[in-house]
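Provided herewith is a single structure, encoded as structure tokens, for subsequent inquiry.
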Amino acid sequence: MKTTMWNADLGNGMYKNPILYADYSDPDACRAGEDYFMIASSFCNAPGLPVLHSKDLVNWKVVNYILPKVPEERYDKPVHGCGVWAPAIRYHDGTFFACFPMPDEGIYMSTTKDPFGTWSEPVNIRPGAGWIDPCPFWDEDGRAYLVAGVAKSRIGYKSVLHMIEMQPDGMGLIGEAKVVFDGNLNEQETIEGPKLYKRNGWYYIFAPAGGVKTGWQTVLRSRNIFGPYEYRVVMRQGDTPINGPHQGAWVDTVTGEDWFLHFQDVGAHGRLLHLQPMKWVDDWPVIGIDKDEDGCGEPVLFYKKPDVGKKYSVCTPQESDEFNSQNLSPQWQWNANINEKWMFCNGQNGYIRLYSYPVTDSYRNLWDVPNLLLQKISAPNFTATTKLTFKPTKKYTGERTGLVVMGLDYAGLFVENTKDGLVLSQSVCDEADRGSLEKTNASVSLEGNTVYLKSTFSTMDRKNAGNEGGYDLVVMCKFSYSMDGMTYRSLGIPFRVKEGRWIGAKTGLFCTRPSIQTNDGGWTDVDWFRIGK
């Protein structure tokens, strides 16, 4: 189903930012002919490393995932904030390379000839904790290199960029790493996310600094890949509401234009994707609009679409799902690595079956439940509605299903089988990440087992004085239900949506049962999940 909740393409040759009102954090992109491919961090969610495709840099679609599962067995359970961090994607000599860090495990590389198809099993080319945000690069002489940042939480220091030679096939590193830039010495604290390019004989490292909410975009350049590098700040927030505009990708068009993709951290919605015009002045890039011509631009809210030589149709990432396929639509991710016992897709009959999966003996709340089927929230104002039929086992009580809005705090409409029959509750869990227990705000008994559940999201801007001029988005959610799909009744109280750990809030479905030693369990048949007004 097509969504009109957020459309960056204005249809008149112009576009508006953000181009994606969703949490595609730490984006990187490359062009292969007339096609653009973008990937983003995915942390512990699976499948991991989403691949988005565009023809014009404004209209994007999720087309694939690089990782069916997150490498390493510990991600069979949620490990929030860990897993796949800021990646890089490059197209070199007919092959696509995706390089990504797992800050506790190492730097990985995966390749493919077809980005819409299967990617290779990732190879850990630098085992060990500490390095993050890697980017591969191939020079004209055939030699290859890797630049990377560091995570203080894993290695004890930050704001430092390393460079090391890489095997030309991308599957290993050569020699010793060298520190090519120390942001602690240059007022570029928290410099990270480096992306390496070459132009006119200059090596360029595009790297954000200053932190995700209050930072800026810095660019380094040198005639020698190992430095020394000089630097310049090329984009700041300025007088705009786009705080922390940095971390992303320089791409060009077949017509010779230059553009920059980056994110903006806005809290509960996560890190939204923006597109900025870019130009070169005296072999320095200037990103955004440079009003005072000092070499540092400001991000734009509206601008002329990139000239890619052709016109392409409008599209947006997938949101609604009628479950008419034997495969999940690509907007869905699980809270941990996929287990075949969680779900059955019956595309012929137009539904998915979520089996009630037992929680652990130490269960406190849904934060650490792996079989949450979730998608990003993708517009400032919208509704998420689902129709489900709950068929719990009659052998015991405590099986649950429902619609959840998930973050550090979460809330939702949950159906539970009790000794008195099915009960629908609106429940909230504050500080779920700290092991808090749910609180029920309101409950009603259900006469039937088919119910329609709705969450209504609304967003407002609120200036955050503690954020140095940045902007925070306050997102509220109200819940309602229906037994016939036409008349909805409110249930419970409004919930302030909270971001997750390094990610925006998500919404979706689940089905669980108590930690009981039995093979028997019920299920939920989900007819559809629709995003609307």
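The values are calculated or read from the model by the stated rules, or taken from the named source; none is laboratory data. Quick caveat: nothing in here was measured; it's all calculated off a predicted structure. Cβ placement follows ideal geometry from the backbone for every residue including glycine, while neighbour counts extend to all protein chains displayed. Quick note on the areas: whole protein, heavy atoms, side chains included, nothing else; ligands and nucleic acids left out. Shrake-Rupley method; radii C 1.70, N 1.55, O 1.52, S 1.80 Å.
Restricting to the stretch 208-225, and then to whatever is assigned to a loop (DSSP other than H, G, I, E, B) and among the charged types (D, E, K, R), can you tell me which residue is least open to solvent (accessible area, probe 1.4 Å)?
So, considering only residues that are assigned to a loop (DSSP other than H, G, I, E, B) and among the charged types (D, E, K, R), the one least open to solvent (accessible area, probe 1.4 Å) is 213.
While we're here: Scan the strands (runs of 3 or more DSSP E) fully inside the stretch 417-533 and keep the ones with 2 or more residues being at pLDDT below 95.
450-463, 471-482
From the set of residues in the stretch 284-342 that are under 21 Å from residue 264 (Cβ atoms) and among the acidic types (Asp, Glu), which is surrounded by the fewest Cβ atoms within 10 Å (Cβ to Cβ)?
Top of the filtered list is 290.
Let me ask something else. Return yes or no: is residue 172 over 23 Å from residue 221 (Cα atoms) and either open to solvent by 70 Å² or more (accessible area, probe 1.4 Å) or free of Cβ contacts under 8 Å to residues at least 60 places away in the same chain (or both)?
Judged against the criteria, residue 172 is a match.
Give me the pairs, please: first residue somewhere in the stretch 190-202 and among the small types (Gly, Ala, Ser) and open to solvent by less than 30 Å² (accessible area, probe 1.4 Å), second residue anywhere and modelled with pLDDT of 95 or more and part of a loop (DSSP other than H, G, I, E, B), beta-carbon distance under 6 Å, and either six or more positions apart or on two chains.
193/86
Further question: Within the stretch 379-416, track down each residue that is surrounded by fewer than 24 Cβ atoms within 10 Å (Cβ to Cβ) and outside any strand (DSSP E or B).
379, 380, 381, 393, 394, 395, 396, 397, 398, 408, 409
Restricting the stretch 287-312 to residues that are in a loop (DSSP other than H, G, I, E, B) and among the hydrophobic types (A, V, I, L, M, F, W, C), which is farthest from the chain's Cα centre (by Cα)?
This residue is 296.
Kindly provide the set of residues from the stretch 77-114 that are over 27 Å from residue 32 (Cβ atoms) and aliphatic (A, V, I, L, M), ordered by number.
Once the filter is applied, which keeps residues that are over 27 Å from residue 32 (Cβ atoms) and aliphatic (A, V, I, L, M), the stretch 77-114 yields only 79.
Taking residue 420 and the conditions (1) more than 21 Å from the chain's Cα centre (by Cα); (2) buried (at least 17 other Cβ atoms within 10 Å of the Cβ); (3) closer than 27 Å to residue 353 by Cβ; (4) in contact (Cβ under 8 Å) with a residue 24 or more places away in the chain, which numbered condition does it fall short on, given that it satisfies the others?
(2)
Shifting gears a bit: Among the residues of the stretch 423-440, what is the count of those that are buried (at least 20 other Cβ atoms within 10 Å of the Cβ) and in contact with a helix residue (DSSP H, G or I) (Cβ under 9 Å, 6 or more places away or on another chain)?
Of the residues in the stretch 423-440, 2 are buried (at least 20 other Cβ atoms within 10 Å of the Cβ) and in contact with a helix residue (DSSP H, G or I) (Cβ under 9 Å, 6 or more places away or on another chain).
Ok, one more. Which residues, counting only those in the stretch 252-270, are farther than 19 Å from residue 16 by Cβ and either assigned to a strand (DSSP E or B) or open to solvent by 20 Å² or more (accessible area, probe 1.4 Å) (or both)?
Hits for the stretch 252-270 are 252, 254, 255, 256, 258, 267.
With the requirement that a residue be closer than 21 Å to residue 499 by Cα and open to solvent by 40 Å² or more (accessible area, probe 1.4 Å), what does the stretch 442-464 give you?
Once the filter is applied, which keeps residues that are closer than 21 Å to residue 499 by Cα and open to solvent by 40 Å² or more (accessible area, probe 1.4 Å), the stretch 442-464 yields 454, 456, 458, 460, 461, 462, 463, 464.
Could you check, for the stretch 108-121, whether at least one of its residues is of a type in the set (A, V, I, L, M), modelled with pLDDT of 95 or more and under 21 Å from the mean Cα position of the chain (by Cα)?
Yes, the stretch 108-121 contains at least one residue that is of a type in the set (A, V, I, L, M), modelled with pLDDT of 95 or more and under 21 Å from the mean Cα position of the chain (by Cα).
Does residue 175 fit the bill of being in a strand (DSSP E or B), modelled with pLDDT under 95 and among the small types (Gly, Ala, Ser)?
yes
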